[in-house]
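S.K.: Structure incoming, see below.
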Amino acid sequence: MLFSEACERNKQSIAAELERWLPRPALALEVGSGSGQHAVHVTRTLSQLRWLPSERPEALAGLQQRIDLEGRSQLAAGSSLADAVALDVTDTGWPTGPFDAVFSANTAHIMPAAALPHLLTGAASVLRPGGLLLLYGPFSDCGRHSAPSNAAFDAHLRSLDAAMGVRDADWIVALGQSAGLASVADVAMPANNRLLVLARR
Ligand SMILES: C[S@@+](CC[C@H](N)C(=O)[O-])C[C@H]1O[C@@H](n2cnc3c(N)ncnc32)[C@H](O)[C@@H]1O
């Protein structure tokens, strides 16, 4: 089964922050769920949460494997984890909302820069007014990294594929503005990560 060490290390601090931001009950869409560890953890930790995980079609089977094995047990009161749906942010076929929240962890630096505008416009299109887009991961500021480890990670990503790389938070916020999302918060998270919170106007 797919497994992410980083996910395991960070899932508790992320769930704690989601508890602070998500209304309850809430219907949430997760973009680029990967191994599904966040999806399982949040639905076991937070009550009254209906969670829809998603992945690119080619990565869907690995995600669904975890949901089949772990996604039906030990759920928090009133919470549920749906079967994963196929979603590439650059596609037009986003799941039908409206969602109270769209969450995505560690995807902005992996998907090509050209896909980022689609992530912001797609999220805005499925959020209810006031609904939140929560983006977790490493972000830079005007090209400046907050830690040497983030700079090294950025260089490593770009050496693998020039389209990948740690993104500027300001750029994400500007893309959000164009898509109808207002920046609400920029939360410092452990290990030089951040949680960018944007709300649909
Ligand atoms: C580093 S993994 C993060 C997985 C998981 N969210 C986590 O935090 O462990 C990056 C994920 O982004 C997804 N991804 C990349 N491009 C994407 C796109 N265009 N649309 C949706 N997901 C994408 C990949 O399939 C991959 O699962």
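Values in this text are rule-based calculations from the coordinates and carry no lab data. All figures in this text were calculated on a predicted structure; none of them were measured in a lab. Note that each Cβ is placed from the backbone with ideal geometry, even for glycine, and that neighbours are counted across all protein chains shown.
S.K.: Springs between alpha-carbon pairs under 10 angstrom, Gaussian network model over the chain: which of Ser80, Ser140, Ser178 fluctuates most?
M.R.: Judging by the Gaussian network model, the answer is Ser178.
S.K.: Amide H neighbours of Val184 under 5 Å, at least 5 residues apart or on other chains, H built in the peptide plane: list them.
M.R.: Here Val197, Leu198, Ala199 satisfy the definition.
S.K.: Here's something else I'd like to know. Run a plain Debye calculation on the chain (Cα atoms as equal point scatterers, no solvent) and give log10 I(q)/I(0) at q = 0.08, 0.19 Å⁻¹, rounded to two decimals, same order as the q list.
M.R.: Summing over Cα pairs of the chain leads to -0.23, -1.50.
S.K.: Tally Lys/Arg at +1 and Asp/Glu at -1 over every other residue whose Cβ is under 13 Å from the Cβ of Ala188; what's the total?
M.R.: Working: positive: Arg194; negative: Glu17, Asp141, Asp186.
Neighbourhood net charge equals -2.
S.K.: Here is a follow-up. Gly131's amide H: which non-local residues (gap 5+, or another chain) put their own amide H closer than 5 Å, with H modeled 1.01 Å from N in plane and none for Pro or chain starts?
M.R.: Arg200
S.K.: Something else now. Quick one: net charge of Asn10's neighbours, Cβ under 15 Å, K/R +1, D/E -1? Could the numbers behind the result be given before it?
M.R.: On the way: positive: Arg9, Lys11, Arg194; negative: Glu5, Glu8, Glu17, Glu19, Glu30.
Every neighbour counted, the sum reads -2.
S.K.: Report the convex hull volume per residue for region 97-164, counting only C-alpha atoms, in Å³.
M.R.: Details: hull volume 6.3 nm³, N = 68.
Hull volume normalised by residue count: 92 Å³.
S.K.: What does the charge count near Glu58 come to, summing +1 for each Lys or Arg and -1 for each Asp or Glu among other residues with Cβ under 14 Å from its Cβ?
M.R.: Numbers: positive: Arg56; negative: Glu55, Asp88, Asp91.
Taking every other residue near Glu58 into account, the sum is -2.
S.K.: Let me know the shape class of region 136-201, please: from the alpha-carbon gyration tensor, a ≥ b ≥ c as square roots of the eigenvalues, rounded when a/c is under 1.5, otherwise prolate if a/b is greater than b/c, or oblate. Provide the component values of the computation, followed by the final result.
M.R.: Details: a/c = 2.72, a/b = 1.60, b/c = 1.70.
The shape class here is oblate.
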